[in-house]
1. What lysines could a cross-link reach from Lys63, if we take a straight Cα to Cα line under 26 Å and drop same-chain neighbours fewer than 8 places away?
2. Hey, any idea what % of the chain's accessible area is carbon plus sulfur with a 1.4 Å probe?
3. Using a cut-off of under 19 Å, list every residue of region 348-362 whose amide N is near the label point 7 Å from the Cα of Thr37 along the Cα-to-beta-carbon line.
4. What full-extension length gain, to one decimal in nm, is calculated for Asp188 and Thr60 as 0.36 nm per residue of separation minus the Cα-Cα distance?
5. With loop defined by DSSP as not H, G, I, E or B, and exposure as at most 16 other Cβ atoms within 10 Å, which is the longest segment of the chain clear of exposed GluC sites (Glu not before Pro)?
6. At 0.36 nm per residue, and after removing the present C-alpha to C-alpha distance, how many nm does the segment from Thr175 to Asn258 gain when stretched out fully?
7. Under the rule a/c < 1.5 gives rounded, and otherwise a/b versus b/c splits prolate from oblate, where does region 180-335 land using the Cα gyration tensor?
8. Mean separation of Cα pairs under 8 Å and 6+ residues apart, divided by the residue count of the chain: what relative contact order is that in percent?
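The values are calculated or read from the model by the stated rules, or taken from the named source; none is laboratory data. All of these numbers come straight from a predicted model, not from anything done at the bench. We place every Cβ from the backbone using ideal geometry, glycine too, and count neighbours over all the protein chains shown. Surface accessibility is based on the protein's heavy atoms, side chains included, excluding ligands, DNA and RNA. Shrake-Rupley method; radii C 1.70, N 1.55, O 1.52, S 1.80 Å.
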Amino acid sequence: LTGAETPSEPTTPETPSETTTATVNADVLNVRSGKGTDTSIVGTIRNGETVTVLDNSDATWVKIKTSSGLEGYVSKDYLGEVGENNVSNSVTIPAGKTYYAASSSGYWYSSNNSVATASNGYITAVAPGTCTITGSNGITYSITVTEGEAVRTAYASPNIAAVGETVEMVAVTDTTRDSVQFRIRQSDGTTKTVNVYDYTTEYCNGTTTRVWKASTTFSSAGTHQIEVYSTKNGVMSSTGYTTDAYTVWSTGANESSNETRRISDEMINLIASWEGYSSTVYPDNLAGGIPTIGYGQTFGTGVQFYNNMSKTEAWSLLVKSINAGSYTSEVNRFLQNNGIKATQSQFDALVSFSYNIGSGYWNGTSQMD
């Protein structure tokens with residue numbers, strides 16, 4: 001993201017310690033000089049970033065400190081549960097994933113490159129086993145690499161569908177998987193299972209993945225949970241990936257209703273075209289060098305991700321970010337709280353606006369006119 005909500009680059013603490021922390025669950029969260037939306041904004045922090053809690057005594061506002069040293073107040077509504085975390089340099093990574101350890105270049109050393117490799121603050125899991133990584137930031141990381149995830153990612157298309165419309169479920173796995181199972185829990189309480197044995201293959205910078213697809217329909221409106229599992233050598237995985245499909249009664253671009261919505265595939269395509277696609281992680285110099293991948297997806301330290309991702313994986317990541325982030329929920333809440341009906345086109349435009357400037361616009365009354 002660019003513009004007024006651009007975050008500062010996160011860094012890693014020099015030494016581990018026992019601290020009270022919380023994780024940001026808004027897309028971009030304003031850090032203010034005091035309690036209340038009428039106080040000045042001193043910075044922003046990104047979804048998924050962990051902050052140190054300095055003062056949790058107020059019912060609405062929390063004083064925090066980021067890993068880069070930024071201090072200020074944030075709304076408690078946009079932080080996860082505050083608790084004691086024992087900050088550790090022991091990290092478990094599934095094979096095939098990369099862990100962003102630190103904003104640090106220079107020489108990084110792995111005690112066993114067949115288990116995990118490291119470069120410029122990124123630790124990539126190669127195969128199950130253990131090793132140590134020594135970073136140029138002076139920290140040694142104890143790495144455990146586990147078997148690759150049963151499902152790398154999954155999503156439903158279209159992102160918002162009419163009741164009765166055909167919805168395609170898409171899952172991505174590594175090449176060791178020989179089938180996929182979609183377990184669907186519909187909004188009306190009924191369940192169904194779809195098994196898929198055929199796949200297409202995608203290649204990206206030396207990484208090969210399998211893409212599995214199946215179609216279904218839904219007879220009721222709402223959120224329909226989809227759990228995706230896979231088999232390896234005929235054995236079904238015990239863990240999987242959870243996504244969902246979303247249906248409404250009215251989906252016409254000019255059909256007004258008061259239903260809660262998600263944005264359409266047309267708008268996701270527009271956002272993707274403006275963001276641009278990168279299969280490999282790179283520092284966004286317009287946003288202080290923050291790591292960016294796929295269609296403009298950014299993250300801070302401590303995040304695990306798939307590098308060398310295909311366009312299918314990048315699309316899935318963008319869809320998840322828009323649906324789960326507060327871009328969508330804050331627009332829905334604003335419309336619902338004010339009794340405003342919207343067409344799909346209008347809703348798309350509002351979420352796109354929110355995606356560009358941040359969702360704080362919708363909950364800061366002093367900024368509204």
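1. The qualifying lysines are Lys35, Lys76.
2. Numbers: 7700 of 16490 Å².
It is 47 percent, rounded to a whole number.
3. Taking a point 7 Å out along Cα→Cβ of Thr37, the residues of region 348-362 whose backbone N falls under 19 Å are 350-362.
4. Details: separation 128, 0.36 × 128 = 46.08 nm, distance 3.54 nm.
Stretched fully, the Asp188-Thr60 segment lengthens by 42.5 nm.
5. Between exposed loop sites, the widest span is 256-369.
6. Full extension of this stretch gives 25.5 nm more.
7. Oblate is the answer for region 180-335, as a/c is 1.5 or above yet b/c matches or exceeds a/b.
8. Worked out over the chain, it gives 17 percent.
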